[in-house]
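Input: a single structure, listed below in structure tokens.
Please treat every number below as a calculation from the coordinates, not as lab data. Remember, predicted model here, so these are calculated numbers, not experimental data. Here Cβ is always computed from backbone atoms with ideal geometry, including for glycine, and neighbour counts include all displayed protein chains.
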């Protein structure tokens, strides 16, 4: 058939046979080359298809992608109980305790009607026997306005004009310390835009203010926060363990990063144009304790003996391995997930004081050994599937996986840092970016104060009021006041 396609008739002489053979060999070489090209294209398409499938299956359970950006939502694996949602029978209720009568602002006595609907006379019970019902109400809000009448005069010798000074703690601005602090809280903590803040003040306080003034009122707050926030970094470093994380922040459309270092008692945030090791060395180079973080390469400047890798991130990585098309890698990922689950069952028993530290170390030893073996097996898988690179990277810092098992006051995850960064991430989604050094500093300093106050169980508004009052007087407020 090939010969018939190449020639109109069959060869009749030996020369024609040789000529046909040469022609067929030439055609075969062309077909072979074309086959190689198609094979290469097929391999490329298969690789692209695998990558696209992985991207399609990427969600918050197998990557660092936030739930809001997941292509595929995480499935709820809990079986339906068949019960209606809400509180179940037997659930212990929670009720607001009544305030003592001497602590309420207004007491209203409600008298019984004289007769029942049936016509009978109603007799009241003994004096003092009544049902107590308390209602909380918002009072009518109105700002207080103070007018300072400053005497003016002139020197009788040099005719120099004089004006009386303002009382100590009163600035030339139109807002006092409490209102200035409140306006800062509306922006930094509650995420109102400046236009929304202006509308809020107009609707609830009948206080009319320009957008420019709203912006300018943040400047004294930013200046007042500088000293205590700089002290917070030193207080963070005194902790036996510190959680660290970073997130993107746009400055005039250029990429910057918000770095956060959070202990159990204090937090320090700062914004830098770099996400590299130089920032980490500048801020935490003299830190001598345990740093809890994800596997981002910049944290590699700390020795493994000084680190704890986040197991929440590792669990997502193991989940991604278990979802691979390659059966060997998928089986490896499932085994890692099973061992991770067993490890954390022991950890939760330890946290609930069912296990001692020594028992935790002893019972976790075979699990730790098995996880190490599985990671070692993963290094021998196909490099093109990236699992080998992941396993090698984890094994380089394998000692940092177990710091929480052997060291007090070290958590196995970096959730503490991520929860502390979350308000700033939400704020960024609304404000998009900052456009000046002042705005960048204000964002980081406000986050430092708000998170530290939350960790201390204190009101950030109360601290800001004290901070601004001292600033107007010319005094500095120490961050140590938050620790007492």
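In this label model, residue 301 and residue 200 are separated by 3.8 nm, measuring between points 7 Å along each Cα→Cβ vector. With the convex hull of the Cα atoms taken as the outline of the range 360-426, the averaged projected area works out to 6.4 nm².
Contour minus end-to-end for residue 223 and residue 80, with contour as 0.36 nm per residue of separation and end-to-end as the Cα-Cα distance? Kindly include the intermediate steps, with their values, before the conclusion.
On the way: separation 143, 0.36 × 143 = 51.48 nm, distance 5.46 nm.
46.0 nm is the gain from fully extending residue 223 to residue 80.
Cβ crowding within 10 Å, taken as a proxy for footprinting-reagent exposure, orders 211, 258, 20 from fewest neighbours to most as 211, 20, 258.
Fewest-first ordering of 107, 425 by other beta carbons within 10 Å of each residue's beta carbon gives 107, 425.
Give, in whole angstrom and from largest to smallest, the semi-axes √(5λ) of the equivalent ellipsoid of the chain, with λ running over the eigenvalues of the Cα gyration tensor.
Calculated on Cα positions only, the semi-axes equal 64, 36, 28 Å.
Per Stokes-Einstein, at 10 °C and 1.306 mPa s, what whole-number D in µm² s⁻¹ belongs to the range 248-298, with the Kirkwood radius over Cα pairs as the hydrodynamic radius? Taking Rh from Cα pairs, D becomes 131 µm²/s.
Tell me, how many Å apart are the Cα centres for the range 332-356 and for the range 232-264? So the separation of the two Cα centres works out to 29 Å. Each 10 Å bin from 0 upward holds the following percent of the Cα-Cα pairs of the range 149-190: 23, 30, 22, 15, 8, 2. Can you compute the FRET efficiency between residue 456 and residue 379 using 1/(1 + (r/R0)^6), with r the Cβ-Cβ distance and R0 = 51 Å? Round to the nearest 0.05. So the FRET efficiency works out to roughly 0.65.
Just the number: Rg to Rh for the range 353-482, Cα atoms, Kirkwood Rh, two decimals. Ratio of gyration radius to Kirkwood radius for the range 353-482: 1.17.
Net length available on complete extension from residue 289 to residue 432 is 48.0 nm, with 0.36 nm assigned per residue and the Cα-Cα distance removed. Across the range 304-333, the residues whose backbone nitrogen lies under 16 Å from the label position 7 Å along the beta-carbon direction of residue 415 are 309-317.
Counting only alpha carbon atoms, the long axis of helix 14-56 and the longest principal axis of the chain meet at about 20°.
With bins 5 Å wide beginning at 0, the percent of Cα pairs of the range 311-406 falling in each bin runs 2, 13, 24, 24, 16, 10, 6, 3, 1.
Taking only the C-alpha atoms, wrap a convex hull around the range 103-248 and report its volume per residue in Å³ as a whole number.
Details: hull volume 55.4 nm³, N = 146.
For the range 103-248, the hull spanned by Cα atoms encloses 380 Å³ per residue.
How do the peptides 374-385, 232-243 rank, highest first, by the average count of neighbouring beta carbon atoms within 10 Å per residue?
Values: 374-385: 15.7, 232-243: 19.5.
Top of the packing list down: 232-243, 374-385.
Treating r as the C-beta distance of residue 99 and residue 140 and R0 as 25 Å, the FRET efficiency rounds to 0.70. Find the Rg to Rh ratio for the range 264-336, where Rh is the Kirkwood radius over alpha-carbon pairs and Rg uses the same atoms. Value, to two decimals: 1.12.
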